[in-house]
1. Could you please state how large a percent of the accessible area of the chain is carbon and sulfur, counting protein chains only and using a 1.4 Å probe?
2. Please give the charge dipole size of the chain, origin at the Cα centre, charges +1 on K and R Cβ atoms and -1 on D and E Cβ atoms. Round to the nearest 20 debye.
3. With every protein chain left in place, what is the accessible area per residue of the chain in square angstrom, probe 1.4 Å?
4. Put +1 on the Cβ of each Lys and Arg and -1 on the Cβ of each Asp and Glu in the chain; which of V24, T2, T63 then has its Cα farthest toward the positive end of the dipole?
5. Return the label of the correct value of volume of the Cα convex hull per residue in Å³, as calculated from the structure shown, out of [x] 107; [y] 96; [z] 75.
Amino acid sequence: MTGSLASSIERARRGDVAAFDEIVRALHAPLVRFTAAILGGDGHMAHDVVQEAFSALWAALPTLAEPRYVQAWLYRVAY
């Protein structure tokens, strides 16, 4: 995880919406590719799953025990 992503995660944990947007921009495309591969190439469904994963992340961020594992957490939720 890059330093800027770690910083964005910490700021988002405190409710900073702009920081959360930075997380989404950094992780959205690779997460969609991963999810689409699982779903047999269904890009529309992949985008829906990823949107739900990011919604779950926003709700869980303040209480995540290990924020440094946000990317792994997102992939697990999308899976």
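1. Carbon with sulfur: 57 percent of the solvent-accessible area.
2. 200
3. Heavy-atom accessible area per residue stands at 60 Å².
4. The residue sitting most towards the positive pole is T2.
5. [z]
The values are calculated or read from the model by the stated rules, or taken from the named source; none is laboratory data. In this text, all values refer to a predicted model and were calculated from it rather than measured experimentally. Reconstructed Cβ throughout: ideal geometry from the backbone, glycine too, with neighbour counts over all protein chains shown. These area figures cover heavy atoms from the full protein model, side chains too; ligands, DNA and RNA do not enter into them. Shrake-Rupley method; radii C 1.70, N 1.55, O 1.52, S 1.80 Å.
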